[in-house]
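For reference, the structure is listed below as structure tokens.
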Amino acid sequence: MRHWVLIAAVVGMVVLAAVGAFVAQAADPIKIGFGMALTGGLSANGKPALLALQIWKDDVNKKGGLLGRPVELVYYDDQTNPATVPGIYSKLLDVDKVDLITSGYGTNLIAPLMPIAMERKLLVMGIFGLANNEKYKYPNYFQISPNGPDPEISTPLGFFELAARQNPKPQTVAIVGADAEYPQNALVGARDLIKKFGFKTVYDKTYPPSTVDFTPIVRAIKATNPDVVFVASYPPDSVGMLRAAHEIGLQPKLFGGGMVGLQFTSVMASVGPMLNGIVNYDFWAPESTMMFPGIKEFFKDYQARAEKAGVDPLGYYLPPYSYAVGQILGQAIEATKGLDQQKLADYIRATEFNTIVGKVKFGKNGEWAKGRTLMVQYQKVQGTGIDQFRGPGKKVVLYPDELKSGNIIYPYSAAKN
Amino acid sequence: MVAGLLLGGFYAAVSLGVSLIFGLLDIANIAQPAFVILGSYAAYVMNSAFGFDPILSGLLFTPVFFVLGAVVYRVYYESFERRGEESLRGLVFFFGLLFIMEVSLSLAFGVDYRLLQTAYTSKSIDLGGGVGIAFRYLVPCVVGLAMTLALYLFLGRTFYGRAIMAVSQDRLALRLMGADPVQIKTIAFGVGIAAASLGGALLISIAPVIPSTDRDYIGRMFAITVLGGMGSIGGTLVAAVILGVSESLMSTFFGPSWSLAVSFGLLLTVLAVRPAGLFGR
């Protein structure tokens with residue numbers, strides 16, 4: 001008798017375990033893996049990028065997941081160190097067995113991922129890489145920042161087009177940037193555009209990335225008395241240039257261009273009115289022309305979670321684009337009804353997507369088919385509060401024309417006060 | 001030139017701690033820049049919560065940093081120095097400390113750029129002829145000079161100061177005189193870290209800071225200490241000014257990309273001619 005009880009119990013457990021395994025398989029999550037800069041120099045952007053992807057994942061899972069399966073993110077801190085990238089992706093692919101990957105944030109962290117993805121024929125979604133695929137021309141790479149087919153001129157293009165449109169047309173240009181990858185690329189683009197529009201270069205210098213004092217640089221620029229000053233800088237230098245320009249009284253007719261960091265809320269709020277008149281590149285601003293479907297809801301979620309995550313409280317720069325990466329992957333998975341890398345890549349290449357950053361269509365080298373880097377001008381910034389940046393009118397979109405939300409105040413000195 | 005002098009004053013302020021700890025005590029405290037950044041965040045918190053002037057909060061925090069430094073030294077002493085394993089393992093200890101502080105700061109404050117604006121930061125004095133002095137650099141320079149002077153007087157005129165000088169020269173002799181070298185070193189280490197509190201407060205009023213900013217300063221701080229001559233406080237100031245002026249002149253006249261190369265070239269030249277540094281003993 002006792003034998004029967006035992007056998008029945010064992011059979012019961014086996015059946016239960018089998019059912020359990022079946023249920024587990026049915027709800028097996030779709031795993032999306034990536035390394036992300038959560039510490040180190042690029043973490044100010046890496047962490048918000050992660051938060052945006054997490055918001056996308058939560059939104060999708062609330063609606064029942066993709067293909068009836070929940071989405072799970074598997075990620076590791078790449079410490080802003082490109083040397084960690086191969087190891088991270090090997091682990092993601094071989095140990096964690098993720099289904100899909102995206103890149104981490106930034107050009108330098110995407111570069112070491114490219115050979116790995118190409119060798120394994122993976123679909124790669126790139127998050128804010130500048131010209132990573134120019135040499136490889138790998139067909140299954142897609143990049144979300146709106147640089148367009150010629151990434152090198154994407155930042156300076158709008159700036160110099162605006163300069164050329166002013167009346168009387170400015171003549172002389174000073175360009176300056178850090179000795180680092182992005183600024184160098186932007187300066188190369190700027191030199192081409194200076195030639196194209198027929199300006200005259202009066203100053204063209206670079207500085208080491210750890211420069212502390214920008215006064216001598218700004219003084220040297222001021223001595224050449226340029227009409228236009230184009231700056232390609234990283235966040236600490238952008239602030240340094242801005243402050244030095246105010247202290248020394250540098251007053252060109254057009255000032256700005258490719259200054260990274262002025263888009264960050266903490267920087268905007270602390271330099272405040274010093275921003276007035278600066279014309280700089282950007283990716284999003286709370287202007288009426290930029291209100292694409294779904295973006296308001298995204299920011300509501302993001303801003304509610306930003307403080308706890310210790311990231312940019314407004315998140316207007318990169319987060320919506322990172323969310324759009326999720327949207328594109330999600331739509332592709334639903335449409336192809338599977339996780340086949342090649343089918344997904346073919347679908348993404350052929351489709352125009354509706355995302356919270358507007359319509360996205362990929363073209364040459366996986367960049368946006370048509371570039372959409374904005375030029376904005378800071379206007380009427382008063383004091384150092386954050387709240388003024390929530391509404392329209394402070395970061396006016398000047399370029400491209402189809403998204404224009406206001407007029408340029410020209411020359412720079414007229415907007416300064 | 002003027003800008004370079006001002007920059008030099010600021011460099012002196014952030015390098016004094018290294019000069020004391022590395023120069024006099026021979027402890028390769030690579031975590032010093034991380035303490036400077038900690039000082040920056042302390043000033044930031046005090047400013048955003050209570051509206052304190054960064055320099056005031058830098059001063060207020062010196063006792064806290066002193067205690068922190070004393071604790072760190074005790075840990076270091078108990079785990080490494082006492083066993084005579086200080087050279088390489090100590091280096092690893094401070095390297096680890098640097099990373100721990102950096103990561104703790106990014107966990108606590110996030111990774112956003114922080115900077116402080118004070119009433120005087122956007123003002124400047126115009127000297128005419130395109131030469132002007134920005135208060136943003138003038139104030140840190142003055143504070144840096146004051147710190148140098150204070151430390152110089154402390155080391156030369158007070159009992160503890162002289163004891164610190166003594167411990168750097170001959171531990172055994174100091175023990176024979178009835179003073180405890182470990183206690184003296186604890187105090188010296190504490191003072192060095194306390195200097196980081198003020199240095200950090202100055203840093204955040206000059207330039208925006210994130211937890212990993214410390215890495216930009218490791219090279220400069222140690223270069224200044226070595227250039228000035230190990231443990232020479234006056235030498236630190238002179239070296240900081242030389243570095244500041246050469247960076248500044250290069251930026252203005254030959255293009256900023258050469259500025260760091262020339263500064264460090266200068267360091268190599270000085271070391272070749274005077275291996276002990278400018279004012280080394």
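Read the figures in this text as sums done on the coordinates, not as results from a lab. Just so you know, these numbers come straight off a predicted model, no measurement behind them. Because the Cβ atoms are built from the backbone with ideal geometry, glycine has one as well, and the counts that use them run over all protein chains shown.
Through the Karplus equation 6.51 cos²θ - 1.76 cosθ + 1.60, θ set to phi - 60°, convert the phi angles of the range A:390-403 into ³J(HN,Hα) values in whole Hz; use x for Gly and Pro.
6, x, x, x, 9, 10, 7, 7, 9, 8, x, 4, 5, 10
Among B:Y160, B:G144, A:V267, which residue has its Cα positioned farthest towards the positive end of the charge dipole of the protein assembly as shown, with +1 placed on the Cβ of Lys and Arg, -1 on the Cβ of Asp and Glu, and the dipole taken about the Cα centre?
Towards the positive end, the residue furthest out is A:V267.
Just to be sure I follow the definition: excluding the sites themselves, where is the longest run in chain B that has none of the chymotrypsin sites (Phe, Trp or Tyr not before Pro) in a DSSP loop with at most 15 other Cβ atoms within 10 Å?
The longest uninterrupted stretch comes out as B:121-253.
Relative contact order of chain A, please, whole-number percent, based on alpha carbon pairs below 8 angstrom and at least 6 residues apart.
RCO, chain A: 18 percent.
Which percent, to the nearest 5, of DSSP beta bridges fully inside chain A are antiparallel?
Close to 30 percent.
About the Cα centre, and with charges only on the beta carbon of Lys, Arg (+1) and Asp, Glu (-1), how big is the dipole of the range A:212-300? Nearest 20 debye, please.
Here the range A:212-300 has a charge dipole of around 100 debye.
Relative contact order (percent) for the range A:95-250, with alpha-carbon contacts under 8 angstrom and 6 or more residues of separation?
This gives 19 percent for the range A:95-250.
Just subtract the alpha-carbon distance of A:Q251 and A:T201 from 0.36 nm times their residue separation and send over the number in nm, one decimal.
16.3 nm
What residues qualify as long-range amide H neighbours of A:E72, i.e. H under 5 Å apart, gap of 5 or more or another chain, H built at 1.01 Å from N?
Counting only residues 5 or more places away or on other chains, the set is A:I30, A:K31, A:I32.
With +1 assigned to the C-beta of every Lys and Arg and -1 to the C-beta of every Asp and Glu, and no other charges, what is the dipole magnitude of the range B:7-212 about the Cα centre in debye, to the nearest 20?
In debye, rounded to 20, the range B:7-212 gives about 280.
Under the Karplus relation 6.51 cos²θ - 1.76 cosθ + 1.60, θ = phi - 60°, what is the ordered set of whole-Hz ³J(HN,Hα) values for the range A:148-159, x standing for Gly and Pro?
Calculated HN-Hα couplings, in order: x, x, 10, x, 5, 8, 4, 6, x, 3, x, 4 Hz.
Could you point to the residue in A:L42, A:V218, B:V103 farthest towards the positive end of the protein assembly as shown's charge dipole, with +1 and -1 charges on the Cβ of Lys/Arg and Asp/Glu respectively?
Positive-end residue among those listed: A:V218.
Which residues' amide hydrogens lie under 5 Å from the amide hydrogen of A:G406, considering only partners 5 or more residues apart or on another chain, with H built in the peptide plane?
Amide H neighbours of A:G406: A:V397.
Compute the Cα gyration tensor for the range A:53-120, then decide on rounded, prolate or oblate, letting a ≥ b ≥ c be the square roots of its eigenvalues: rounded whenever a/c is under 1.5, prolate when a/b is larger than b/c in the other cases, and oblate in all that remain.
Numbers: a/c = 2.46, a/b = 1.81, b/c = 1.36.
Note, shape of the range A:53-120 comes out prolate.
Which whole-number percent is the relative contact order of chain B (Cα, under 8 Å, 6+ apart)?
Over chain B, the number comes to 38 percent.
Using a ≥ b ≥ c from the Cα gyration tensor of the range A:144-238 (square roots of the eigenvalues), is it rounded, prolate or oblate, where a/c under 1.5 gives rounded and otherwise the larger of a/b and b/c decides, a/b for prolate?
Oblate, since a/c reaches 1.5 and b/c is not below a/b.
Residue by residue through the range B:7-21, what is 3J(HN,Hα) from phi via Karplus (6.51 cos²θ - 1.76 cosθ + 1.60, θ = phi - 60°)? Round to whole Hz and write x for glycine and proline.
4, x, x, 5, 4, 4, 4, 7, 8, 4, x, 5, 4, 6, 7
Computed FRET efficiency, Cβ-Cβ of B:F254 and A:E334, R0 41 Å: what is it to the nearest 0.05?
0.10
With the crude spin-label approximation of a point 7 Å out along Cα→Cβ, what separation in nm comes out for A:D401 versus B:R274?
6.6
Given a Förster distance of 45 Å, report the FRET efficiency between B:V75 and A:K380 from their Cβ-Cβ distance, rounded to the nearest 0.05. Please list the in-between numbers first.
Numbers: r = 53 Å, r/R0 = 1.18.
The calculated FRET efficiency here is 0.25.
I need A:S266, A:S90, A:S103, A:S43 ordered by Cβ neighbour count within 10 Å, fewest first. Show your work: numbers first, answer last.
Details: A:S266 22, A:S90 11, A:S103 31, A:S43 28.
Ordered from fewest to most neighbouring Cβ atoms within 10 Å, A:S266, A:S90, A:S103, A:S43 come out as A:S90, A:S266, A:S43, A:S103.
What whole number of Å gives the distance from the Cα centroid of the range A:190-218 to the Cα centroid of the range B:145-172?
Centre-to-centre distance over Cα atoms comes out at 47 Å.
Using a ≥ b ≥ c from the Cα gyration tensor of the protein assembly as shown (square roots of the eigenvalues), is it rounded, prolate or oblate, where a/c under 1.5 gives rounded and otherwise the larger of a/b and b/c decides, a/b for prolate?
Taking the square roots of the gyration eigenvalues as a ≥ b ≥ c, the protein assembly as shown is oblate.
What percentages make up the Cα-Cα pair-distance distribution of the range B:7-212 when the bins are 5 Å wide from 0?
Histogramming the range B:7-212 at 5 Å steps yields 1, 8, 14, 19, 18, 14, 11, 7, 4, 2, 1, 0, 0 percent.
Suppose R0 equals 41 Å; then what is the FRET efficiency for A:Q184 and B:R83 from their Cβ-Cβ distance, rounded to the nearest 0.05?
Numbers: r = 49 Å, r/R0 = 1.19.
Working from the Cβ atoms, E equals 0.25.
Place a point 7 Å from the Cα of A:K359 along the Cα-to-Cβ direction; which residues of the range A:305-336 have their backbone N under 16 Å from it?
none
Could you work out how far apart the two model spin labels at B:F99 and B:D180 are, taking each label as a point 7 Å from the Cα in the direction of the beta carbon, and quote it in nm?
Once both label points are built, they end up 3.4 nm from each other.
Going by Cα centres, the range B:52-123 and the range A:89-126 are how many Å apart?
Going from one Cα centre to the other spans 36 Å.
Dipole of the range B:1-153 (Lys/Arg Cβ +1, Asp/Glu Cβ -1, origin at the Cα centre): which of B:F80, B:G8, B:I125 lies farthest to the positive side?
B:I125
Pop a pseudo-label 7 angstrom from the Cα along the beta-carbon direction at both A:Q388 and A:K370 and give the gap in nm to one decimal.
3.5
The range A:36-103: which chymotrypsin sites (Phe, Trp or Tyr not before Pro) are DSSP loop and have at most 10 other beta-carbon atoms within 10 angstrom?
none
Using +1 on the beta carbon of Lys and Arg, -1 on that of Asp and Glu, and nothing else charged, what's the dipole of chain A about the Cα centre, debye to 20?
600
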